[in-house]
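First comes the structure, then the notes that go with it.
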Amino acid sequence: MSAGNFFPFLNKRIFEHSKKQALMDYDFLQIEKKWQDIWSTKKTFKADNLSDKPKYYILDMFPYPSGAGLHVGHPLGYIGSDIIARFKRHLGFNVLHPQGYDSFGLPAEQYAIQTGQHPSKTTTTNINRYRQQLDRMGFSFDWDREVRTSEPNYYKWTQWIFLKLFDSYYDIEADKAVPVSELILRFKKEGNINVQAYCDKDTPVFSALEWNTFNHEKQQKILLFYRLTYLSETQVNWCPALGTVLANDEIVNGVSERGGYAVTKKRMRQWSMRISAYANRLLLGLDELDWSDSLKEMQRNWIGKSTGASIYFEVENHPEKLEVFTTRPDTIFGVTYMTLAPEHELVSKITNTEQQKAVSDYIALVAQKSDRDRQADAKLISGVFTGAHALHPFTGEPIPIWIGEYVLASYGTGAVMAVPCGDQRDFDFATHFRLPIVNIFDGVDISEGAFTDKGRVKLMNSDFLNGLDYKAALDRVISALESKNSGKGAVNFRLRDAIFSRQRYWGEPIPIYFKGDIPIPLKEEHLPLELPRVEKYLPTEEGMPPLGNAKIWAWDEINEEVVSNDRIDQQFVFPLELNTMPGWAGSSWYFNRYMDAQNQKEWVAPKAMKYWREVDFYMGGSEHATGHLLYSRFWQKVLFDLGYVRTEEYAKKLVNQGMILGNSAFVYRKKGTQTYLSKGIITEHEVEPIRVDVSLVNTHDELNLEGLKNWQKDFQNAEFVLENGKYIVGREVEKMSKSKYNVVNPDEICDTYGADTLRIYEMFLGPIQQDKPWNTAGISGVHNFLKKLWRLFYQKDQWLVNDEVPSPESLKILHQVIKKINDDIERLSFNTCVSTFMIGVNELTALKCSNRAILEPLLILLSPFAPHFCEELWQQLGYTESIEFEPFPVFDPSMVQETIKEYPVSFNGKMRFTIKLSLDMSVEEIKEAIMREQRTLDQIDGATTKKIIVIHGKIINIVF
RNA sequence: GCUCGGAUGGUGGAAUUGGUAGACACGUUGGACUUAAAAUCCAAUGACCAUUGCGGUCGUGCGGGUUCAAGUCCCGCUCCGAGUACCA
């Protein structure tokens, strides 16, 4: 059999390879430059929107181009996705693998505030640097589809989507977003009495007649209560240091995620997105997603669905009703007091004169606290009595109403019915203020604390619920509440509507102008509404957002253009919105734009949308779990409802790459001296560790003292105490960051070892999903592997590749590699792929195998990992076409099978007899063989053979 | 507190469905080549005992269990990481 029969693709090769241009050594710098240039000029990775091939859309989370450039941690995910992209091309897919930049953001703006340099300039500089670094690593991106969220031709469509949201409301009956025009038609016909939609809780009820008598302004105000993006007076997270509001996911531990500044509460008129309308669909949609469990769990917790009941309590001597949400309506007879959030709107209405002062003092005290203080004080119990009483819905008994900090205005109704025997916080509050505690759990001791377990306990002291367990009581009490009209079963979500206004310059302008209070959207044909030039990037002296500094920033309704401030008092000239959109706006739909990135007329042509549909594989960090990954699902669902996209989830498969951590180096200074001790001799001294640049330390943790003295002047006069003539540093794994001097630059690795070595090494470090520290020391093993493989092609100026028929041993090695690589890429186990290659090459080297029929398929297998290396040798083998589109080698089991004739058979670990068997024998045949050896099956328990365990040619067990 | 991960040699990690634990690589030690160095190649490398050859015992955070067989499955803990939190 000739090699050509095993590998049909070998037939088209050109046999005469050119020995003249042969490279003798593995000159990675020259090779990588050469192929990067070829790929770029030939546009090798350009994806076609019209193709007969099946499509495969593989997406990376696009980066924010920061000023620091890339470190070795950033490309990890890109390398993984690039391997899959190249693998899928070998399998015959039309692969879309785009890249772009999430280029609006705070750092460029803060740099502008400090230096006056326009953020677009900073951004362009940073993008160019990123591009250079990305290009060096040989990614197979289709750069013709690049997007930048800060470019007008991109944010034009972000603004367009904003207008779509503005022009939609959520119809609960249809369970989807519907254009507002249909809502207006219904209002005209029947008012809003029967309209079921997600809307503001203060929406008035009106008839068709009333609607038609409302003036335009009133109608618009009502419509704002329904729109999916709406303007409202809300309590926001205000960050004074950044001068802007923040969304919940932009706050970590009570301080701003960026900068770590204090955050307080403030009431402001803000744009919001009605994401809460989609809470249930966002939750249900998770079940269909092939995302990691932890990520889905994070989103579930963030959405925070809880089931229970709404209960309305009458307030003694007041017309208002007090609504609470509870997950434990079954404990209604254990209620001994009520607690409202200090901000609750009823507080001012129901507080009696006696308690007036105490209540207002308490509210003032709470209001001045920052989120962080509030969190820090979480364990302190505080509260005050309002003097008012609620009435128990069943017994009619008065229940004192308190206010307390532990009740949050933003969750549920901002009010709770307190059941001290069934909730630990209520118990603590009751104990602290000596409020009564009633036990309603039969046979449970609650003297030490609340009983929160829902299971296996019967109620007592609970009137008609006595003797019932949790589940039965729940059903009973809800129907009782409903029949009395004092409550109903209810579901509550933790997810809040997303605040969409930012008091920033460097973001998408919101395409809205104002006539008085009424927001008016710009027409589609007037987009993009471009960012104006400003002189200062800070808020104005009147406290308006930075756009207030613009010379030109108003809308002329007659000429339909942006006009200058001087004309603002003219008729039909109206102020434009001065807030901009948040960082997540541009990233919430970019994956759709890649499908048709250069389209000037549409956001995406329907044809392109029909072909690409959705992302097949999304790679990115799990830090976006409750930000980008939630908002983008929300927008996709809106766009789906409105018919602009074809799938409700844009990325069914998502993989989170881990973070590559830095390996910081420390020197140890003896307290109060200029003496630095080597790591091994610090034990008996008091020392303080000081970070030093990791590039000054070699692979054995030895510090380059001369380099250190040049690095920072402080060390020039220092004294160093060595061990064995060397200064050994300490190590600690932490996040890679410039300030920790532990950043490793991929450019340096590319200079020393090449991009292919870097790519393989990053994969070899460990499972792609796992966090792991960077350690440059291990890279030599991977580099040696490439050099070793190179030597199968060249040795001592000799081209070794021959056309001889490969030996069975070498074919076996090849096919073992083919099998493992196919399997392991499929399950994203790139680190074991690398090991497989190393084993294969070691074995082939031992066999001195340089057969073309072995090496060619091997190159194809390796090319997703080391593309430059493989392209170069592929060309030297005589091919003129890129290796990229060669069919991936297919595993042939007959190449690796071996039949062993004689097996020692043991049972329960003890050898019993020897038997002649072949591995492909059926169970029946094996039974016969055992009989032939004059052993009855009874001797081994008399059962039926199901499984023969063979390890290294030895039967160790027969399982029955 | 709750939710989700994780724990394997000196180090990173492998073991896909329960089937020779430690693949592969780094590091270390010894050797070959060399005037020397670099590069390359070879050998050893979980621990302990025996090393005169075979070899033997223990070993995947801890304690139990299931199984002919457990890193893998079940029960109970310890520690580490991530997310989230007065969420009613």
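The values are calculated or read from the model by the stated rules, or taken from the named source; none is laboratory data. Note that the structure is predicted; figures quoted are calculated from it, not measured. With ideal geometry, Cβ positions are generated from the backbone for all residues, glycine too; neighbour counts draw on all protein chains shown. These accessible areas exclude ligands, DNA and RNA; they are computed on the full protein's heavy atoms, side chains included. Shrake-Rupley method; radii C 1.70, N 1.55, O 1.52, S 1.80 Å.
What the table shows:
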{"quantity": "Along each principal axis, Cα extent of chain A, largest first, Å", "calculated": "100, 88, 76"}
{"quantity": "FRET efficiency estimate (nearest 0.05) - Cβ-Cβ, A:Gln716 to A:Arg496, R0 45 angstrom", "calculated": "0.20"}
{"quantity": "For the stretch A:224-383: rounded, prolate or oblate by the Cα gyration tensor [a/c cutoff 1.5]", "calculated": "oblate"}
{"quantity": "Residues whose placed amide H lies under 5 Å from that of A:Met736, excluding near-sequence neighbours", "calculated": "A:Gly662"}
{"quantity": "The stretch A:413-481: relative contact order as a whole-number percent, Cα under 8 Å and 6+ apart", "calculated": "23 percent"}
{"quantity": "Spin-label model distance (nm) - A:Asp823 vs A:Asp463, 7 Å beyond Cα toward Cβ", "calculated": "6.6 nm"}
{"quantity": "Chain A, relative contact order in percent, only Cα pairs under 8 angstrom and at least six apart counted", "calculated": "14 percent"}
{"quantity": "Neighbour net charge for A:Gly583 - beta-carbon separation under 12 angstrom, K R +1, D E -1", "calculated": "-3"}
{"quantity": "Rough spin-label spacing in nm, given labels placed 7 Å along Cα→Cβ, for A:Lys735 and A:Ser835", "calculated": "3.2 nm"}
{"quantity": "The stretch A:808-835 versus the stretch A:21-64: alpha-carbon centroid distance in Å", "calculated": "23 Å"}
{"quantity": "FRET efficiency for A:Lys201 and A:Leu284, using Cβ-Cβ distance with R0 set to 22 Å, rounded to 0.05", "calculated": "0.35"}
{"quantity": "Net charge, A:Lys34 excluded, C-beta distance under 14 Å - Lys, Arg +1, Asp, Glu -1", "calculated": "-4"}
{"quantity": "Dipole moment magnitude, nearest 20 debye, the stretch A:106-186 about Cα centre, only Lys, Arg, Asp, Glu C-beta charged", "calculated": "440 debye"}
{"quantity": "³J(HN,Hα), Karplus 6.51/-1.76/1.60, whole Hz, each residue of the stretch A:148-161, x for Gly, Pro", "calculated": "10, 5, 8, 7, x, 6, 8, 6, 3, 7, 5, 5, 4, 5"}
{"quantity": "Surface share of carbon and sulfur [accessible, 1.4 angstrom probe, percent] for chain A", "calculated": "49 percent"}
{"quantity": "Solvent accessible area, Å² - A:Thr452, 1.4 Å probe, full protein context", "calculated": "90 Å²"}
{"quantity": "Inter-part distance where the stretch A:163-215 and the stretch A:447-468 are each reduced to a Cα centre, Å", "calculated": "44 Å"}
{"quantity": "Pair A:Arg374, A:Phe885: separation of 7 Å Cα→Cβ label points (nm)", "calculated": "6.0 nm"}
{"quantity": "Binned Cα-Cα distances of the stretch A:231-322, short to long, each 5 Å bin given as a whole percent", "calculated": "3, 10, 14, 13, 15, 17, 14, 9, 4, 1, 0, 0"}
{"quantity": "Sequence of A:Glu530, A:Glu881 when ordered by accessible area, the most exposed leading, probe 1.4 angstrom", "calculated": "A:Glu881, A:Glu530"}
{"quantity": "Shape category assigned to the stretch A:322-405 from the gyration tensor of Cα positions, a/c cut at 1.5", "calculated": "oblate"}
{"quantity": "Backbone HN-Hα couplings from phi across the stretch A:349-357 [Karplus 6.51/-1.76/1.60, Hz, Gly and Pro as x]", "calculated": "6, 9, 4, 7, 4, 4, 8, 3, 5"}
{"quantity": "Net dipole in debye of the stretch A:172-251 [+1 Lys, Arg Cβ; -1 Asp, Glu Cβ; about Cα centre; nearest 20]", "calculated": "300 debye"}
{"quantity": "For A:Arg476, solvent-accessible area (1.4 Å; no DNA, RNA or ligand), Å²", "calculated": "110 Å²"}
{"quantity": "From phi via Karplus (6.51, -1.76, 1.60), per-residue ³J(HN,Hα) for the stretch A:552-558 in Hz, x at Gly/Pro", "calculated": "10, 6, 7, 10, 8, 6, 7"}
{"quantity": "Listed peptides A:654-660, A:638-644, A:103-109 by packing density, highest first (mean Cβ within 10 Å)", "calculated": "A:103-109, A:654-660, A:638-644"}
{"quantity": "Mean-position separation - Cα centroids, the stretch A:746-789 and the stretch A:276-293, in angstrom", "calculated": "37 Å"}
{"quantity": "Förster radius 22 Å - calculated FRET efficiency between A:Glu233 and A:Val180, Cβ distance, rounded to 0.05", "calculated": "0.55"}
{"quantity": "Bridge type composition, chain A - antiparallel percent by DSSP, nearest 5", "calculated": "80 percent"}
{"quantity": "The stretch A:581-732: C-alpha gyration tensor shape, a/c 1.5 cut-off, then a/b vs b/c", "calculated": "prolate"}
{"quantity": "Residues with amide H under 5 Å from that of A:Val457, placed H, sequence gap 5 or more", "calculated": "A:Tyr470"}
{"quantity": "Cut-off 13 Å between beta-carbons: net charge of the residues surrounding A:Ala177, Lys and Arg +1, Asp and Glu -1", "calculated": "-1"}
{"quantity": "Heavy-atom surface of chain A, accessible at 1.4 Å and reported per residue (Å²)", "calculated": "46 Å²"}
